[in-house]
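Report on the following structure.
The values are calculated or read from the model by the stated rules, or taken from the named source; none is laboratory data. Nothing here was measured: the structure is a model prediction, and the numbers come from that model. Quick reminder, even Gly has a Cβ in these numbers, built from the backbone with ideal geometry, and neighbours come from all protein chains shown. These accessible areas exclude ligands, DNA and RNA; they are computed on the full protein's heavy atoms, side chains included. Shrake-Rupley method; radii C 1.70, N 1.55, O 1.52, S 1.80 Å.
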Amino acid sequence: MADKRSRNFSFVLFNDDQLYNEQIDIVKENNTCWIVHNNDYDVETGEIIKAHTHVIVKFNDAKTCLAVAKYFHLYDINGKPVAGKVTLLNKEKRHNLEGAFRYLIHLENPEKHLYSIEEIHGRLKGEALEVIDKADGLTSEKKLCVLFDYISDYDGFLSFTDVMRYARDNN
């Protein structure tokens, strides 16, 4: 598995990890979307699961899981990158990009805490919402909210052309 390559990956960050702030800064700088799961519970026991952040990343070129683990500082207790902390997303039903987007809010897992689409962040939010929209029916009003979030979350100057291109590319 470590030698397989993809452009799309997912992984989980733990909010109490000492590297979390550094990791989330790297996440914010890339073509990603993420959501903090702070209300998850074990379905069988009802026990609260510690807060964690689900991240989906798309690269322009193919990478291995180990390269992604290194890039996002996903280390074991000895400080070595761990490829097993990264899921390679492909066209298989179990590990595909669309399924990962839907899982962000537990769309197909009603027995779990259902998160709001408003809790999704990042440059891939529009793409994630498009996938969720196909499955759940997203209103135009919510799409405008996504566009507004993109504008307000963007670091730096955005031209009108940039905004229109984002709106076109993300429906």
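Looking at this structure, is Lys70 among the charged types (D, E, K, R) and in contact with a Pro (Cβ under 9 Å, 6 or more places away or on another chain)? So Lys70 passes the test.
Residues that are in a strand (DSSP E or B), farther than 20 Å from Thr87 by Cβ and touching a residue at least 12 places away in the same chain (Cβ under 8 Å) within the stretch 38-52 comprise just one, Tyr41. Which ones in the stretch 84-100 are open to solvent by less than 40 Å² (accessible area, probe 1.4 Å) and touching a residue at least 60 places away in the same chain (Cβ under 8 Å)? Across the stretch 84-100, the qualifying residues are Val86, Leu88, Leu89, Leu97, Ala100. Test Tyr103 against the stated conditions and say whether it is open to solvent by 60 Å² or more (accessible area, probe 1.4 Å), under 16 Å from Val55 (Cα atoms) and within 18 Å of the chain's Cα centre (by Cα). In short, yes. Cβ-Cβ contacts under 6 Å between residues 6 or more apart (or on different chains), taken from a first residue in the stretch 114-133 that is closer than 17 Å to Ser152 by Cβ to a second residue that is surrounded by fewer than 19 Cβ atoms within 10 Å (Cβ to Cβ) and not small (Gly, Ala, Ser), are listed as Arg123/Asn31; Gly126/Asn170; Leu129/Leu138.
When Gln18 is tested against (1) in contact with a Phe, Trp or Tyr (Cβ under 6 Å, 6 or more places away or on another chain); (2) within 23 Å of Tyr71 (Cβ to Cβ), exactly one condition is not met: (1). Counting only residues that are open to solvent by 40 Å² or more (accessible area, probe 1.4 Å), farther than 18 Å from Lys28 by Cβ and at pLDDT 75 or above, the stretch 122-147 holds 2 of them.
There is no residue in the stretch 38-49 that is within 16 Å of the chain's Cα centre (by Cα), open to solvent by less than 70 Å² (accessible area, probe 1.4 Å) and closer than 24 Å to Tyr150 by Cβ. From the list Ile35, Ile24, the one residue that fits, being in a helix (DSSP H, G or I) and either open to solvent by 60 Å² or more (accessible area, probe 1.4 Å) or closer than 21 Å to Leu124 by Cβ (or both), is Ile24.
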